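Notes follow the structure.
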């Protein structure tokens, strides 16, 4: 899943960037409203975390203009002021949710997960395909009741495939959702992660869920 983080406090920006990447998200960070709006228009994101008080262009204006341009990405607005006007303006400008600073990181994580569920065809908290289950909140995976240990990137890739079950996911789409634009990655890195997932998810089971369509991409198949 890809997140755009628009926060001018460089220390907070760096801290949130690192935390979200550790959780398996691909994160692009910018520090002012104009750059944030440009990135949101140029790329596809699953969630935008947008501060209100920004140089160049404030978050209210950025959010309103993105909605006017038909950018429908879920937006989580950050504000340092717990004032009713800020919350009302943020929601009226098109934000989907807001979070008042200072906040606990676990609450930020929960609100991002909620926005991802809201924007997904899969609304339940736990994702299930056949006997494969994934809980985004607890960060646990099991198949036939047996736990599966995954790295953060493996977990993020499996979650993305499960949210797009039966749909073809190209290598390029998988890369976009797992790595930031400023990261240089090898051309076969997604294939490597798919092989790891197949060993952990499918080996030892009669029904194979993960498919590689040569030259096209990958699919998690619903039996």
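Annotations
- The condition (being within 17 Å of residue 112 (Cβ to Cβ) and assigned by TED's automatic domain parsing to the domain that holds residue 114) is satisfied by just one residue among 86, 28, 32: 28.
- Residue selection: residue 197 satisfies the criterion of being assigned to a helix (DSSP H, G or I), in contact with a strand residue (DSSP E or B) (Cβ under 7 Å, 6 or more places away or on another chain) and farther than 21 Å from residue 3 by Cα.
- Test: residue 90 is at pLDDT below 85 and under 22 Å from residue 36 (Cβ atoms): yes
- Number of residues in segment 68-99 that are under 26 Å from residue 44 (Cα atoms) and out of contact with any helix residue (DSSP H, G or I) (no Cβ under 8 Å at 6 or more places or on another chain) equals 6.
- Of the residues making up segment 21-34, those that are more than 17 Å from the chain's Cα centre (by Cα) and crowded, with 17+ Cβ neighbours inside 10 Å are 31, 32, 33.
- Within segment 1-20, residues that are surrounded by fewer than 15 Cβ atoms within 10 Å (Cβ to Cβ) reach partners that are not in a strand (DSSP E or B) with beta carbons closer than 8 Å, at six or more positions or on different chains, in the pairs 10/31; 19/105.
- Residue in segment 155-202 that is nearest to residue 136 (Cα to Cα), counting only those that are at pLDDT 85 or above, surrounded by fewer than 19 Cβ atoms within 10 Å (Cβ to Cβ) and touching a helix residue (DSSP H, G or I) at 6+ places or on another chain (Cβ under 7 Å): 196
- Residue selected from segment 38-56 under the condition surrounded by fewer than 23 Cβ atoms within 10 Å (Cβ to Cβ) and assigned to a helix (DSSP H, G or I), by the criterion modelled with the lowest pLDDT: 42
- Subset of segment 21-37 that is touching a residue at least 40 places away in the same chain (Cβ under 8 Å) and in a loop (DSSP other than H, G, I, E, B) - its residue that is nearest to residue 106 (Cα to Cα): 23
- If the condition is being touching a strand residue (DSSP E or B) at 6+ places or on another chain (Cβ under 6 Å), over 18 Å from residue 4 (Cα atoms) and surrounded by fewer than 19 Cβ atoms within 10 Å (Cβ to Cβ), then segment 62-99 contributes 82, 87.
The values are calculated or read from the model by the stated rules, or taken from the named source; none is laboratory data. Fair warning: this is a prediction, and the values are worked out from it, not measured in the lab. Ideal geometry is used to build each Cβ from the backbone, glycine not excepted, and the neighbour counts take in all protein chains shown.
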